[in-house]
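For reference, the structure is listed below as structure tokens.
The values are calculated or read from the model by the stated rules, or taken from the named source; none is laboratory data. Predicted model only: the values in this text are computed from it and were never measured. Cβ placement follows ideal geometry from the backbone for every residue including glycine, while neighbour counts extend to all protein chains displayed.
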Amino acid sequence: MFSVRSQFSLCTVAFLAACGSSGGNEGRIVVDVDASSTLPIVSAITIVTADGQFAGRLRNLEQGFVQDTDGDGYAYRAGTSATRGAVAEAGILPGTRVAPAPSNVVTFEGQYQLAIIDDISVTGTTLSGEIRREQGDLELVADFGRGTLSVDNGPFRVDGAISNGRVTGTVRYENVTGSLVGLAGADRTVGVFEGNSNTVTYAGGFVADAQE
């Protein structure tokens with residue numbers, strides 16, 4: 001028997017820019033998980049180091065790292081663990097920042113990236129699934145007067161609330177709803193997100209610049 005759990009630990013958030021990714025393990029994965037584990041499908045927003053490292057090691061790793069010349073950005077990964085099962089995590093780099101929030105409506109354009117394991121099944125102590133990275137363009141609309149941040153970008157949707165420049169809310173990807181944290185200011189918005197179900201776990205982030 002297994003269950004699904006989302007984990008949340010807010011790190012210091014703020015402003016972003018460049019991107020990169022690594023991995024090379026895309027495709028079918030089959031792993032043994034701890035028979036005593038009650039949560040072989042996990043997603044989390046968590047703390048990462050300044051160079052995008054996470055606590056703990058994962059196998060079958062797919063990951064991405066977004067960072068500008070000031071060290072601002074986010075990192076994400078998905079992989080497997082004998083004790084945690086299928087895992088997806090994302091975090092904003094410490095010290096990341098954005099400009100003060102305005103009071104008008106601002107349109108942001110940028111890109112999201114994520115790592116995902118889907119088609120997950122667990123038989124006894126064997127977990128299998130498909131792992132990959134995905135990315136896409138997005139246009140977000142922030143109404144700072146009403147305190148909302150939203151996007152309906154086909155497979156990726158955002159429904160966020162803005163308070164004092166900080167963003168919280170939900171995302172939806174592959175019809176799986178997850179959680180979102182981030183920042184939004186006059187210059188750009190950045191966020192990280194995670195979500196899972198009985199067959200899917202994903203985590204990633206986005207950065208988008210304000211359009212004149």
| query | Just a yes or no: is a residue in segment 95-106 small (Gly, Ala, Ser) and either touching a helix residue (DSSP H, G or I) at 6+ places or on another chain (Cβ under 9 Å) or in a strand (DSSP E or B) (or both)? | reply | no
Check on residue 83, surrounded by fewer than 24 Cβ atoms within 10 Å (Cβ to Cβ), over 12 Å from residue 207 (Cα atoms), of a type in the set (Val, Ile, Thr) and out of contact with any Leu (no Cβ under 8 Å at 6 or more places or on another chain):
yes
Filtering segment 31-56 down to residues that are at pLDDT below 75, exposed (fewer than 13 other Cβ atoms within 10 Å of the Cβ) and either of a type in the set (Gly, Ala, Ser) or outside any loop (DSSP other than H, G, I, E, B) (or both) yields 35, 36
Kindly evaluate residue 161 against the criterion of being part of a strand (DSSP E or B), in contact with a strand residue (DSSP E or B) (Cβ under 9 Å, 6 or more places away or on another chain), crowded, with 24+ Cβ neighbours inside 10 Å and not hydroxyl-bearing (Ser, Thr, Tyr). no
Discussion item. On the basis of being buried (at least 20 other Cβ atoms within 10 Å of the Cβ), β-branched (Val, Ile, Thr) and more than 16 Å from residue 100 (Cβ to Cβ), does residue 181 make the cut?
Written reply: yes
